[in-house]
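The values are calculated or read from the model by the stated rules, or taken from the named source; none is laboratory data. This is a predicted model, so every value here is computed, not measured. Heads up, the Cβs are rebuilt from the backbone with ideal geometry, glycines too, and the neighbour counts pull from every protein chain shown.
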2 protein chains.
Amino acid sequence: WGFLDTWAPDHRSASASAFLRLPRFGVRRSLAPQRAKHLVESADAFVFDMDGVVWSGGSLIAGACEALDGLRSLGKTVIFVTNNSMKRRAELAAELRQLGVDWAEERHVFNSGAAAAALLEVRKVPKDREVYVIGEAGLVDELRLRGYQTSGGPDDALRSIEDLPTALSDLSGQGPASTGTGKMGAVVLGNDRQLNFFKVAVAAHLVRNGLPLVAANDDLYGPQGPVPGQNWPGAGSVMAAVAAGAGRWPPTPDVIAGKPSIDFADAIRAELGGLRASRMVMVGDRLDTDIAFGVRAGMKTLLVLSGVTSEAAAREARGELAPDNVAPSIAALCRTGW
Amino acid sequence: WGFLDTWAPDHRSASASAFLRLPRFGVRRSLAPQRAKHLVESADAFVFDMDGVVWSGGSLIAGACEALDGLRSLGKTVIFVTNNSMKRRAELAAELRQLGVDWAEERHVFNSGAAAAALLEVRKVPKDREVYVIGEAGLVDELRLRGYQTSGGPDDALRSIEDLPTALSDLSGQGPASTGTGKMGAVVLGNDRQLNFFKVAVAAHLVRNGLPLVAANDDLYGPQGPVPGQNWPGAGSVMAAVAAGAGRWPPTPDVIAGKPSIDFADAIRAELGGLRASRMVMVGDRLDTDIAFGVRAGMKTLLVLSGVTSEAAAREARGELAPDNVAPSIAALCRTGW
């Protein structure tokens, strides 16, 4: 089972139609060159997760440029979708260019921070309200690009409980955005490597008093540090602390902006002029975010094993976690292989 | 419904036997002096929660000394049980003395930090293993008093993600206490007002790699700051961040040491020479910790409204959250009132 693709139980009609269906366990075959060619020919657009798919530990994954350029030379739309809210889209595009994806621009990149900002607008959080942020500079920037005022984020990195009583008094009595008299409109959180008690306390206070809690994503943990193989807590851990501190159990946000949210997929498709989901392929390394995202949105899916998911975990995936296709890496899409 | 007591649906036999039973909604009557006298006469020991019951916002609640002294003069055992793990028992006893409860000693106080340390021993975590702590000095002290080596806690208050890769590398490959080759035996957490990303990441890493997660308590939030009416996140918020970061969803610890854990009640009763639960009264201000603790342990319960629970919430409580008796404050137990 080295170089395989997977036909999962048919939980959607879009991509499964080309494949043999079995009722429970699916059929797995190698993603032979001919199969890869079919997959490419069956789609107009390819959506790539970034970390673990295009790059890993600061280097481009072997064959990534060839695969991406090959798809573009065939006239395919190629975009990048990431749950990383710590950097803004322009930074992520710049990193792609630095690594050799020289055509990458901000418009090719969709991240969960920008998605969170877009969803605030969709949900009509007024722009004269302030958004309290737990997250890094990229999340703050995306919210400001969308016209929101922000507080928190990096500005509160060094604040301690000495500052908390005054901060909470200043914010007390804030109602929800739709009815409140206060200046705050929402709490938005993403991963924050400068998380501290002050930020959790302020965010929990606001949510407990009625403000909506928007999570850029809810990944529980992932490879975020400089050392390959180490996992650091993700935005899901931050969300759990805030929601629990607000009295919600189990901890739940009001909105999750990133993958696997179907709102995110809809926003991306709309931004690209109404691409048909059934003619799109989601390529990712995580089952619970990337593959579930593609499946929910009605895209074809390709799991690559160059990131966090093991072959064994991929083999056991069922339902919306089960990918249509599995390959060792993005290199399986290189035209030279066909 | 000002000065009331509550007969809840009869979910246990111990204290309800004296009262009229109705199948679903219970009967509520005022805790008239005669009723208070009966309650006192029916019990040998009184277990008081501290914050919101004996003191509030740094002052003794009116009538507390009289009530406590009166019970002792009748030969009742009087002890204090708190989910506060931030201070050690000796400090909590000293605070009681400073406020006027001049007979209070360490042996009268049972807190969730000491309970967590005792449970590590019960669960046979070897004493040559180190315990990683998220919590304040009192929790570290109780663990050390019980013979455990600790790391984390206040020592990691100023550590940042710069220190994280090395810290995780040092700790990598740690197995569970029973089988591991490493030096770590458990992760213990309580509330920590110096919570930061570094601590969450280290604790989550250890739990993800098999160490047991012990929570001193799992209160989601509570009045912990200097300003009355403000609520700060509790140990349940810390626990949620760590357990989620370890990949557990919903976030769950392996052990919860504090109220309402029946292990805690058993440990206290054993320490006091085998008190009978049915001859004990739990007096507290929270339904989900204090009242559930008393109910689960088979004690009678008295909810006081001098803390976090409103009259309306008390009225709606059902099942193990429903107190047998309700009073405005601890002063209802003063003998002068009978």
* Asked: Can you find a residue in the stretch A:202-224 that is acidic (Asp, Glu), surrounded by 24 or more Cβ atoms within 10 Å (Cβ to Cβ), out of contact with any strand residue (DSSP E or B) (no Cβ under 7 Å at 6 or more places or on another chain) and more than 7 Å from chain B (Cβ to nearest Cβ)?
  -> yes
* Return the only residue of B:ASP254, B:ASP290 being at pLDDT 95 or above, under 20 Å from B:ASP51 (Cβ atoms) and among the charged types (D, E, K, R). => B:ASP290
* Asked: Tally time: how many residues in the stretch A:216-241 are under 18 Å from A:ARG123 (Cβ atoms) and of a type in the set (A, V, I, L, M)?
  -> 2
* Structure fact -> Within the stretch A:232-251, of all residues that are at the interface with chain B (Cβ under 7 Å from one of its Cβ atoms) and part of a loop (DSSP other than H, G, I, E, B), the one surrounded by the most Cβ atoms within 10 Å (Cβ to Cβ) is A:PRO251
* Is there a residue in the stretch B:292-301 that is assigned to a loop (DSSP other than H, G, I, E, B) and not assigned by the TED database to the domain that holds B:ALA64? -> no
* Sole residue being surrounded by 24 or more Cβ atoms within 10 Å (Cβ to Cβ), of a type in the set (Asp, Glu) and not assigned by the TED database to the domain that holds A:LEU68, chosen from A:GLU121, A:GLU142, A:GLU136 -> A:GLU142
* Asked: Taking the stretch A:191-201, which residues are in a helix (DSSP H, G or I) and either more than 7 Å from every other protein chain (Cβ to nearest Cβ) or within 15 Å of the chain's Cα centre (by Cα) (or both)?
  -> A:PHE198, A:LYS199
* Asked: Filtering the stretch B:98-117 down to residues that are farther than 13 Å from B:GLY258 by Cα and small (Gly, Ala, Ser), which residue is surrounded by the most Cβ atoms within 10 Å (Cβ to Cβ)?
  -> B:ALA104
* So which of B:ALA270, B:ALA277 ends up being modelled with pLDDT of 95 or more, away from chain A (no Cβ under 14 Å) and surrounded by fewer than 24 Cβ atoms within 10 Å (Cβ to Cβ)? -> B:ALA277
* Asked: Among the residues of the stretch B:257-264, is there at least one that is in a helix (DSSP H, G or I) and within 14 Å of another protein chain (Cβ to nearest Cβ)?
  -> no
* Asked: Could you say whether any residue in the stretch A:327-334 is surrounded by fewer than 20 Cβ atoms within 10 Å (Cβ to Cβ) and more than 21 Å from A:GLY234 (Cβ to Cβ)?
  -> yes
* Return the only residue of B:VAL308, B:VAL283 being under 20 Å from B:TRP55 (Cα atoms), surrounded by fewer than 24 Cβ atoms within 10 Å (Cβ to Cβ), more than 9 Å from every other protein chain (Cβ to nearest Cβ) and of a type in the set (Val, Ile, Thr). => B:VAL308
* Which of the residues that make up the stretch A:202-212 are touching a Ser or Thr at 6+ places or on another chain (Cβ under 9 Å) and under 11 Å from A:ALA241 (Cβ atoms)? -> A:ALA204
* Which numbered condition B:ARG35 misses (of (1) assigned to a helix (DSSP H, G or I); (2) at pLDDT below 95; (3) crowded, with 17+ Cβ neighbours inside 10 Å; (4) not assigned by the TED database to the domain that holds B:MET299) -> (4)
* Asked: If you check A:GLU106, A:GLU41, A:GLU66, which single one turns out to be among the acidic types (Asp, Glu) and more than 19 Å from A:ASN325 (Cβ to Cβ)?
  -> A:GLU106
